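Undergrad: This is the structure I have questions about; it appears just below.
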Amino acid sequence: MNTEPTIAVGILQFQSQIRGTIHGRVRFNNTVETSGIFHIICENGALSLSVESGKELLRSQFIECTSINNSPISFPSVIIGKQFHWEQTEPQTFHGSFRFIPDSPSTFAVINIIALEEYLESVVASEMNSTAPYEFLKAHAIISRSWLLSMLQKKTSRSSSPTTHSSPTVIRTKNMYIIERWYDREDHTLFDVCADDHCQRYHGITKDSTTSAAQAVRATKGIVLVHNNELCDTRFHKACGGRTDVYATAWDDICLPYLQSVPDSTENIPFLSSEHEAHRWISCQPHAFCNVQHEPLLQSLLPSFDQKTTHFYRWRVSYPRQQLEELIATKTSLEIGTLLDIVPLKRGPSGRLYQIKIIGTNATILVGKELEIRRLLSPTHLYSSAFIVDIERDASNIPRTITLRGGGWGHGVGLCQIGAAVMAERGHTAQSILEHYYKNTVLTQLY
Ligand SMILES: [Zn+2]
Ligand SMILES: [Zn+2]
């Protein structure tokens, strides 16, 4: 590859109608030019485009919008953090061109086509605060680029040799249900990446592009991380909790040699796969790069909507038994009866659980992997699956309150964003940060 690619980003999905504002002029389906406010409605399987007065400009199965003189378009309410605890809507503005494509008989997706480097400027500014240390922003630009290009590469090779990648759903054996499920980015078919936490946060050009985040992207243009001449799938997460995890804890059972479990510290931190070590580690507040209590530092790192998430290094949630039973019933549609126990079965090296056993009077459920566990035991998602279970029981040994005490935020694989930012603050360069989290890798310029 020696030229910069463009990518298709899914901004909104399953919309029955949207309103947008054109700041300048655009051309729709190469036939009509317009400016100002426009509406698109999905009616009888076709898309209808109209201007503010209500006049229909065109009706088609597929609408393409090309910007004239790089005129941006804004949408008043785009959902961010979908289904996570920080879900909210905000107005967003985008450069590039657009596609509006049906994604169900009565809805459509809004897709932004944009040059990779411009997309990355927004991603780095959306994932982290632009006031974060510059070497950290450079490291982030490189991993956001590498992850994306490696994902596009996998997608291309998959389409030429289709494999069954989707994990099984629910398997029933006698009185036992097995749920083993994970979610990966190759899920998207209409576009390359979505704009939310599922892929990488891309919040358009709402955020200031003159900042150091944008400079960090320009300073690393075309630079990616490789291992044995292969592009690295550079996963990252918010805070590991002390030690990072391996790929198979969160996704399929493969071993990526550069995604090893590393201590988020210059000191040694034990592997936390055993119950004993996990218990000991999560029960205290040991030193690690992502153990940041200092509020001004966190404010300089995190975008404002993430600053509401405090106490991510160590956290706790408690449920009355009935509430947890209802949650499990809602999320799985399975009736387990009275909840008797939650048993940790398998932990990755960061202490993240990737299989648990939920025992009820009517049925037992085995649940994995990490995201499915986080989804099941919370109305939204738990911060992480690195938790220990404390159960307070009544006189007849039936649980009264279930408390989960945990550490870290996110899947724990690859670079720890908070830890990496702290490393940069202490004088580490982008290169040494990347060498710390991704073993035996080198930087290469692709274009
Ligand atoms: Zn996605
Ligand atoms: Zn960390």
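Undergrad: Over the stretch 232-327, how many percent of alpha carbon pairs lie in each 5 Å bin up to the one with the longest distance?
TA: Reading upward from the zero bin: 2, 10, 17, 18, 18, 18, 11, 4, 1.
Undergrad: Mind checking which aspartates and glutamates have their Cα closer than 12 Å to the Cα of K346? Skip sequence neighbours fewer than 8 apart in that chain.
TA: E275, E370
Undergrad: Take every DSSP beta bridge whose two residues both sit in the chain, then give the antiparallel share in percent to the nearest 5.
TA: On the way: 85 of 95 bridges.
Counting only bridges with both partners in the chain, antiparallel ones make up about 90 percent.
Undergrad: Given R₀ = 45 Å, what would the calculated FRET efficiency be for I359 paired with H23, taking r from the Cβ atoms and rounding to 0.05?
TA: 0.20
Undergrad: On full extension of the chain, what length is gained from S104 through I254, given 0.36 nm per residue of separation minus the C-alpha to C-alpha distance?
TA: Separation in residues times 0.36 nm, less the Cα-Cα distance, equals 50.6 nm.
Undergrad: So what is the relative contact order of the chain, in percent, for Cα pairs below 8 Å that sit 6 or more residues apart? It would help to have the intermediate numbers written out before the result.
TA: Details: 1028 pairs, mean separation 79.1, N = 447.
Answer for the chain is 18 percent.
Undergrad: Another one. Relative contact order for the stretch 288-447: what percent, with Cα pairs under 8 Å and sequence separation of 6 or more?
TA: Over the stretch 288-447, the number comes to 23 percent.
Undergrad: I would also like to ask the following. Using per-residue counts of other Cβ atoms within 10 Å, averaged over each peptide, order 134-145, 312-323, 352-363 from highest down.
TA: The most tightly packed comes first, giving 134-145, 352-363, 312-323.
Undergrad: Next up: With the crude spin-label approximation of a point 7 Å out along Cα→Cβ, what separation in nm comes out for V442 versus K55?
TA: 6.2
Undergrad: Right, something else. Compute the whole-percent fraction of alpha carbon pairs in the stretch 317-447 spaced more than 20 Å apart.
TA: That fraction is 53 percent.
Undergrad: Same structure again: So what's the back-of-envelope 222 nm ellipticity for the chain, counting only DSSP H runs of four-plus at -39500 (n - 2.57) apiece and dividing by all residues, rounded to 500?
TA: Working: 10 runs with 102 residues, N = 447.
Mean residue ellipticity at 222 nm (helix-derived): -6500 deg cm²/dmol.
Undergrad: Over the chain, what percent of the accessible surface lies on carbon and sulfur atoms, probe 1.4 Å?
TA: 50
Undergrad: Compute and list, largest first, the equivalent-ellipsoid semi-axes of the chain from the alpha carbon gyration tensor, each √(5λ) rounded to a whole angstrom. Walk me through the numbers on the way to the answer.
TA: On the way: eigenvalues 293, 162, 80 Å².
Equivalent-ellipsoid dimensions as semi-axes: 38, 28, 20 Å.
Undergrad: Right, another one. Give me the extension gain from E64 to L334: residue separation times 0.36 nm, minus the current Cα-Cα distance, reported in nm with one decimal. Show your work: numbers first, answer last.
TA: Details: separation 270, 0.36 × 270 = 97.20 nm, distance 4.37 nm.
Answer, rounded to one decimal: 92.8 nm.
Undergrad: Taking Cα atoms of the stretch 343-418, Rg/Rh with Kirkwood Rh, to two decimals?
TA: Details: Rg = 13.4 Å, Rh = 13.3 Å.
Across the stretch 343-418, the Cα-based Rg/Rh ratio is 1.01.
Undergrad: Okay, next question. Using the alpha carbon gyration tensor of the stretch 11-73, what are the three equivalent-ellipsoid semi-axes (square root of 5 times each eigenvalue), largest first, in whole Å?
TA: Those come to 18, 12, 12 Å.
Undergrad: Using a 1.4 Å probe, what is the accessible area per residue for the chain, in Å²?
TA: It amounts to 42 Å² per residue over the chain.
Undergrad: Let me ask something else about it. Could you work out Rg/(2.2 N^0.38 Å) for the stretch 6-119, with Rg from alpha carbons only?
TA: Relative to the 2.2 N^0.38 Å estimate, the stretch 6-119 comes out at 1.03.
The values are calculated or read from the model by the stated rules, or taken from the named source; none is laboratory data. Note that the structure is predicted; figures quoted are calculated from it, not measured. Using ideal geometry, Cβ is built from the backbone for each residue, glycine included, and neighbour counts are taken over all protein chains shown. Areas reflect the complete protein model, heavy atoms only, side chains present, ligands, DNA and RNA absent. Shrake-Rupley method; radii C 1.70, N 1.55, O 1.52, S 1.80 Å.
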